[in-house]
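The values are calculated or read from the model by the stated rules, or taken from the named source; none is laboratory data. Because the structure is predicted, anything quoted here is derived from the model rather than measured. With ideal geometry, Cβ positions are generated from the backbone for all residues, glycine too; neighbour counts draw on all protein chains shown. In case anyone asks, the SASA skips ligands and DNA or RNA and just uses the protein heavy atoms, side chains included. Shrake-Rupley method; radii C 1.70, N 1.55, O 1.52, S 1.80 Å.
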Amino acid sequence: MGRHCCVLGCSTGVSLPSHTFPKDVIMMNKWRRAVYSERIRDMTNEQLRKCVVCYRHFADTDYEAMYRLRRLKPGVVPSLHLPNSGSNNTETNNNNDTEINNDNIEITVSTIESESLMDTSVTDDQVEEIEIIEIIEEHPVVEVKVERQSTPINNGTPIDNSIPIDNSTSINNGAPMINSTPINNSTPTNEDSLESEPSSPKNSTPSLLDLHTLLHGKCFHKFTPKMWKLYKLSCILRKKQEVVIKRQLSFRERIKQAKQYSKSAAIDKLLSSLTPVQQTFLQMQIRATKYAPRDRRFTLDEKIAALSIMKQSSKCYQYLTQVFNLPSVQTLRSILQKVNVHPGRINFINRQLKRQVGLMKERDKVCLLMWDEMLLQLHVDYDARKKHIVGFEDFGSKRRARFADHALIFMVRGVQSGWKFPLAYYFCDGATKTDQLAEWIKDVAKIVIDSGLHLVAFMCNDGKRNLMAINKLKLESARLKKKRRQLYYGYITIKKQDIIPLFDPPHLIKGIRNNLLNNDLEFDCEEGEERKFASWEIIEQAYHMDLTHSMYRLMPKITAEHIIKSKMKKKKVKNAAQVLSTTMGGFIHHHTKLEGYVNTIYGPLKMPEKKGRDTAEIILFFDRLFDSVNGHTLKPEKPLRVAISHNSPHFPFWERAVKRLQRMRFVDRRNKNQLRDSVILKNWVTTVRGLRKLWIILKAYEFKCLKPRILNQDCLRHFFGQIRSFGVRNTNPTCMEFESSFKTLLINNLTSPRTVENTSENKIDGSLLFTLKEIICKEGECNDNSSEDLQTLDLERPSDATRQYLSICNSIAAKILHDSRIEGCDTCKNLLTDVTKSELVSNDDLTRTFESADEILRPNMSNVCYAHHTALMLETELYTQLDLRWLNCPRHGALLKKLLVSFAVEFYIEKWCDSINEILTQKDHDDSSK
């Protein structure tokens, strides 16, 4: 390829297929004798290896067919279109032997099927002038004429015996090719022979068989116009086929190189170091690059990975779509629309939970149920798919006319491997009421038990509402045991399943720190002994004593946010754990033994010996207690920070810790009187005893060890953090944003856009038990709404200055007329718009109808705004009270009424939500300013 043919007189272009001389010396000499060219006569074998012979000098039978290409058979020698040099052309292929003498000329015509070669002999008495007609886009036709002596034919007309030879080529690649030699219409011929040949009617359509017959007989003068079009088209396609074959050869080479590159050890090592999401993103870029934007198709995993990016920031995602190959925003939103989650019991999730539990081992079925509340922003939004307003109290089965500012989430978690799954959520106004919370706990617990899981524990924080709900459930269980004449051991019994109530250890250690801020902790209270107190003043003084003029500190992690009350972040568990740690206790205990003062930036300070020693003792105790309920490894990081096993040191320590906790109490800092409203110490006792009882239950399921860090609410707090991370750190999401983020996290397996490898959550935080990705493509699985989904459109909201009936009606009319089912109907356009104006302007009938709808909806909105299917109720009112007889299109009358009513209701609800949100925003602004 890329070199001219070395055959004398051959004018084949460099862009057509050709073959180099064989390496075998015998075959090379045979090719040299067959070609017989002066330019290669004196060449050496090395120089001859650089010469090529084009494909026109080989017969079709010299090739053997392969996949989309051909190659020469072994032992083949050039045999066609060679210069006549006596004995040089005697060695040719047996299938293509043709006798050539001085009186005969061979003309080769390739038919449509490219199956045969036709020989035409021209004698001295009969000579034809043949004009080769070709349509070539890139290369012009080169004609080589062989002059002959003109001889008269039987009618006495002299003919110039010249043969134009075309250099156009054809490749037999399984497709029909045409390489023909039509006769010039100006050439005189025998009239009798022409009359004897059959002719087709003028109006008949020529078939490929007729074209083949005419080409075989070289009757180009009988071509009809359609035959000429077919012939010219075949020539164009032949040239395009040559270009495609050349591209295919180049593409195959690139594929081979890519395969070799992908199999290299360096690439495998690089891909193995990437996370699954990174591998998916990289493969998406490589695979979709060769397609146009509208022709790109993405797998479900790729869409889910892109969905996590879009939920982080929509504007950022729109920019990334211009840089990378990513699915469109509409494609990702369609995934969320397939999942219909709602407050309360979600039936399709419960069904999938039962199927997944059936595949689990008995030990993996042991689980606990936890719940917690998340703060939301006061905001109402219209959900066009559910046909109601989101932002009111929603308990699943019923809704209330109160704005929701909290979301209560229930999550189930496996005790063995740490799997998790959020089962239900509820929207409520303020903290959940005790009676309602107890009912929801029982409902969700029944769902867990009915699915086949072994529910063994409840986990919650030590909030007042949770304590009251737990005590209420305990009281009901005690009455049930008494009714059955059974002993009660402090469990909560639901459906004959004994459940142990536990409190979140991180919240408990934070509660100890918060109580120490304003009160002293008295411990080891026994009669006749000196009283011991732990005080926050000692902790503050230890922090001040660490701030010396030296550049080194003994407690570098302790900052003002840990100690100073005005700068403290009280909700941060990490700060509380660092204050009540071995570092702080050891620092205080060490400085109680020092004599003299320590020079600090605050002046000379000295640690009180008695009070300091008592405070250090209680700090070290709570550090060991927190370690005993926070282990997550089989090898001990600290003596008690390790997984629980049969012979672990946890049990003797817990026995001593329970006794010591019972002798502790918080007292007033001034008069040292006991405080009655502090229950944090009792919650510690309940949790430690519950862990001891839980280990007894787990041994029945053949547990060899237990990681205590699983028995806390870290995974639920992590879930809240992921919801808040969407939308550029949306700390207070609305109810609508919460539902959207909730669906996204269930689809992408809780993949956070801000995942950090070394955080405490990721060390023990498990993955979802199952994801909605497995059932998202199943029709009807993720949708519990049995009502028919009407068409919803994103109506343009006019600004305050133009929010008039006319502009609203113009927007509605435009949306209706752009509907695919109505678009192009002149009758509907005349009914909705003013045809006398060039612009799209609504007519008086539509304006009056919308005014009437506004008057009907205004008094009814406050009564149904919080109900399920608010839009359907309002649409029913409009159908019964509006006069829609003027919408009398014979084809789209019912559809026009349906769209007009639904758009009017949807627009009115959107406008109502905007006005309510303005009031709520102003209220929040006023509250924050106070």
Compute the separation of the alpha-carbon centres of the range 415-446 and the range 681-742 and state it in Å as a whole number. 12
Distance in nm between label sites at ARG660 and LYS495, each 7 Å beyond Cα in the beta-carbon direction? 4.2
For the range 809-930, give the percent of accessible area contributed by carbon and sulfur heavy atoms, probe 1.4 Å, rounded to a whole number. 48
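I'd like to know how the range 598-688 sits against the 2.2 N^0.38 Å rule of thumb: what's its Cα Rg over that expected value?
The reported ratio for this selection is 1.40.
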Which FRET efficiency value, to the nearest 0.05, do you get for ARG821 and ALA431 by plugging their Cβ-Cβ distance into 1/(1 + (r/R0)^6) with R0 = 60 Å? 0.75
Please turn the phi angles of the range 286-303 into ³J(HN,Hα) values with the Karplus equation 6.51 cos²θ - 1.76 cosθ + 1.60 (θ = phi - 60°), one per residue in order, whole Hz, x for glycine and proline. 6, 6, 8, 5, 7, 9, 5, x, 7, 9, 6, 10, 10, 6, 5, 5, 5, 5
Linear extension gain, LEU72 paired with ASP295, 0.36 nm per residue minus alpha-carbon span: 76.4 nm
Within the range 824-854, what residues put their amide N at less than 16 Å from the label point 7 Å along the Cα-to-Cβ vector of GLU918? none
Before anything else, pin down the relative contact order of the range 611-718: Cα pairs under 8 Å, at least 6 apart, normalised by residue count, whole percent. 30
Taking only protein heavy atoms and a 1.4 Å probe, the highest-to-lowest accessible-area order of LYS510, LYS433, LYS361 is LYS361, LYS433, LYS510
Å² per residue, accessible surface of the range 803-927 at 1.4 Å: 52
Normalised by the number of residues in the range 477-587, what is the relative contact order in percent for Cα pairs under 8 Å and 6+ residues apart? 20
Determine which residues of the range 609-646 fall in the zone a paramagnetic label at LYS557 would reach in this model, i.e. backbone nitrogen under 17 Å from the point 7 Å along Cα→Cβ. 619-633, 637-642
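Grab the beta carbon distance between LYS354 and THR275, set R0 = 45 Å, and tell me the FRET efficiency rounded to 0.05.
That pair, LYS354 with THR275, gives E of 0.90.
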At a threshold of 8 angstrom on Cα-Cα distance, excluding pairs fewer than six apart, so keeping six or more, what relative contact order does the range 803-927 reach in percent? 26
About its Cα centre, what dipole magnitude does the range 821-894 give when the only charges are +1 on Lys and Arg Cβ and -1 on Asp and Glu Cβ, stated in debye to the nearest 20? 220
Would you grab the residues whose amide H sits under 5 Å from the one on LEU423? Only those 5+ places off in sequence or on another chain, please, with H modelled 1.01 Å from N. PHE410, MET411, VAL412
Can you tell me the FRET efficiency between PHE651 and VAL329 if r is taken as the Cβ-Cβ distance and R0 is 51 Å, rounded to the nearest 0.05? 0.35
Peptides 416-427, 559-570 ordered by average Cβ neighbours within 10 Å, highest first: 416-427, 559-570
Under a crude label model (7 Å from the Cα following the beta-carbon direction), how far is LEU475 from ILE286 in nanometres? 6.5
Hey, can you rank 614-627, 817-830 by average C-beta count inside 10 Å, highest first? 614-627, 817-830
If you find the alpha carbon centre of the range 273-313 and of the range 511-553, how far apart are they in angstrom? 55
Order of 45-55, 439-449, 838-848, 880-890 by packing, highest average Cβ count within 10 Å first? 439-449, 45-55, 838-848, 880-890
In whole angstrom, note down how far apart the Cα centers of the range 5-36 and the range 229-243 are. 27
Once LYS572 and LYS593 are pulled to full extension, the length gained, defined as 0.36 nm per residue separation minus their Cα-Cα distance, is 4.3 nm
Just how large is the dipole of the range 629-686 about the Cα centre, in debye to the nearest 20, putting +1 at every Lys and Arg Cβ and -1 at every Asp and Glu Cβ? 320
Find how much the distance from HIS632 to ASN671 grows on full extension, using 0.36 nm per residue of separation minus their present alpha carbon separation; answer in nm with one decimal. 9.8 nm
Which value, in Å², gives the accessible area per residue of the range 613-696 when a 1.4 Å probe is used on the protein heavy atoms? 50
Qualifying lysines (Cα of each under 24 Å from Cα of LYS572; at least 8 residues distant if same chain): LYS420, LYS464, LYS510, LYS557, LYS638, LYS682, LYS707, LYS763
Calc'd 3J(HN,Hα), the range 358-371, phi into Karplus 6.51 cos²θ - 1.76 cosθ + 1.60 (θ = phi - 60°), Hz, glycine/Pro = x, comes to x, 9, 9, 7, 4, 5, 6, 7, 5, 8, 10, 10, 10, 8
